Amino acid sequence: MNGLLSAVTELSRSQLVLRVLIFLGPVVAVLAAGPAGRWPTWWVALGIVVLAGAFAAMPESAVGAAVMLAVLAWWAGALDDGLHPAVLVAATGLLVAHLAALLAGYGPDRMPVDPALVRLWVRRGALLLLGVPLVWGLALALRGQPEQPGIWVVGVMAGLVATVAAAVALT
Amino acid sequence: MTQPVTHGDAVWRPTAALGRAVFTAAVAVAGALLVGEPALVVLAVPFIALAALGLLHRPTQAPRLTTHLDHTSLHEGQGTTSRLTVADAGDAEYLTRASGRPPYVVMRPHAGQVGALLSGPDGAGPTVEISPRRWGLRFVGQEKVALMSRWAGFRFGPVPLGGQHLRVLPMAAVYDSRADAPQPVGLVGAHRSQRPGSGTELAGIRPFTPGDRLRRVNWRVSLRTRELHVVSTRAEEDTAVLLVVDALADHGASGGVDGAASSLDLSVRAASAVAEHHVRSGDRVALRVVGRGRELVGYGTGARHLRRIQHTLAGIRSGEVAEAEAGVLQLGVTGGTVVVVLSPMLAESIGAVAATLTRRGVPVLVVDTLPGDVRPGVAPGTDPDLASLAWRMRTLERTAVLQRLAALGCPVVPWRGPGTIDDVLRRLARRAAQPRVVAR
């Protein structure tokens, strides 16, 4: 406990704010499913809180991917209608947590975050969020339309191509 | 002074953020396709864009980094700037510097941890201001530098950059003395000597003798006595000052230039101040360090000589020497030298040498540099009561040594800054003018 407290006190104030955002993002994303018709059970909420806490403590670790996976799994399995407007809140929560972790990784824990860098990423984050309502609106518009033949094959192929391209670029 | 770039194995690597974005986007799209849930695509949209933009801005060029300090020699409390120059950093967007934390060194901003957006492929990175707070040889400028690509997809480094040694000279303490040296026997200087000469200090009025200059004639006395009289003056000569710094141990904790001073802090700063004063007065100053390094600077004068003394003082490290333990310390003092011993007076050899020189008729002044609230450093596992008793016994012995020195005529004064040794030097000068019996 003392180690945790000393680690928190060593953080700069701006880093502390980022860690709070990292923690709140996934929690908000899961709780947003409540208004859409499915509040998370206590053990799901507890699991998300634990994962989000670990993500806030270690923003550069693989826990971040795990917490994202958990949120996506909840939204994939828990709801009958995932296109409730609350999904916009969930998307915002996930993006805020991701960008806060990204900003926290720019320097050591004790280093305050550069305000110019924060402004840059706030602009970028707003730009990225613009696509969310567009895709959500498109999905709403296409809901109920008859399924095009081969749409899933095209989707899987597109996903595979993107995965291979990303793998090539990363190696 | 330039620090060469050392990043042989540093390459651009994907960041955790890029990995997370790619993973989230891939899982969300795959999940949407598998379970037919379009909400997952909505959630994945920002991550798909982030992953794509991060990958598109993959860097191809390795940046070159160069650091340098504006100064390599400073006085404690002064500051210098560590500058970082970047070249071939067209792929980089942000630069982060994380400096190490050497003892007794203060860095700004944010303890040397600073970052900034880069304005171009070549140019200067953020600067770090460095201020050493204690004299000595400090290793500063050791840091890690990282660069981030656009959209934070790739990180270069952190690249460890080696630091460099910074010689921190003792603080230029405010010190001035108006007292004359006890035994000036040099050629030309600022101290009144006992012999007549062409100085400015009035020695008396005496009858005219052939060879006297006419401008020395005192007409008022000559008219009254109807015989020519001249004003006689004392010669002004320089003196030799030997500074003996006791570095056998460092007692007390040092808080740097802003905090508490240890015994060695006081000794070094006092020696620097006294040396500076006497060098500026035109006196010949020498330095002898009694300690591990046994540093020695011969007699000399001038700004370069003062610099040499200060550099030597900055390199002092405390530690015992066999010579001092054996109590046969030889200082090689010649006639006409004033010896200033700067010591906490806890070593027997220092007290012995001061007593020996005093008995020989050499003007010796001991500046006591033991801090008032000093407590002994106790090894782990030592009984504190036993350590306290031992320290009390040691301080009693020290008091006895100081009393014996005072009885011999060797003054002991605590260092108090300006004017510390004025009164003592005046008394020594008066005593030097009186006839005395010297033990040989």
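None of the figures in this text is laboratory data; all of them are computed from the coordinates on show. Keep in mind that this is a model prediction, so the values were computed, not measured. Methodologically, a virtual Cβ is constructed for each residue, glycine included, from the backbone with ideal geometry; neighbour enumeration extends over all protein chains shown.
Expressed in nm to one decimal, what extension gain is obtained for the pair B:Asp258 and B:Thr356 from 0.36 nm per residue of sequence separation less their Cα-Cα distance?
31.5 nm
What is the average number of partner chain Cβ atoms found within 10 Å of a Cβ in A:91-101?
4
Could you put B:Trp415, B:Trp391 in order, starting from the residue whose Cβ has the fewest other Cβ atoms within 10 Å?
Arranged by neighbour count, lowest to highest, B:Trp415, B:Trp391 become B:Trp391, B:Trp415.
What's the FRET efficiency of A:Leu120 with A:Ala7 using the Cβ-Cβ distance as r and R₀ = 25 Å, to the nearest 0.05?
Plugging the Cβ-Cβ distance into 1/(1 + (r/R0)^6) gives 0.35.
Quick check: pseudo-label points 7 Å beyond the Cα along Cα→Cβ at B:Leu396 and A:Val17, how many nm apart are they?
Distance between the two pseudo-spin positions: 6.3 nm.
Across peptide B:85-97, what mean number of C-beta atoms from other chains lies inside 10 Å of a residue's C-beta?
1
Pop a pseudo-label 7 angstrom from the Cα along the beta-carbon direction at both B:His165 and B:Val35 and give the gap in nm to one decimal.
Those two pseudo-labels are separated by 6.5 nm.
Can you put B:Asp122, B:Asp383, B:Asp91 in order of Cβ neighbours within 10 angstrom, beginning with the fewest?
Least to most surrounded, the residues fall as B:Asp383, B:Asp122, B:Asp91.
Treat each spin label as a single point 7 Å out from the Cα along the C-beta direction, and report the B:Arg101 to B:Ala407 distance in nm.
Modelled inter-label distance: 5.2 nm.
Shielding of A:138-145 by partners, i.e. mean partner chain Cβ atoms within 10 Å per residue?
Counting Cβ atoms of other protein chains within 10 Å of each residue's Cβ and averaging gives 2.
Order of B:Arg304, B:Arg20 from fewest to most other C-beta atoms within 10 Å?
The order, fewest Cβ neighbours first, is B:Arg304, B:Arg20.
Between B:Gln330 and B:Leu56, what length comes free when the chain is fully extended (0.36 nm per residue of separation minus the Cα-Cα distance, one decimal in nm)?
91.2 nm
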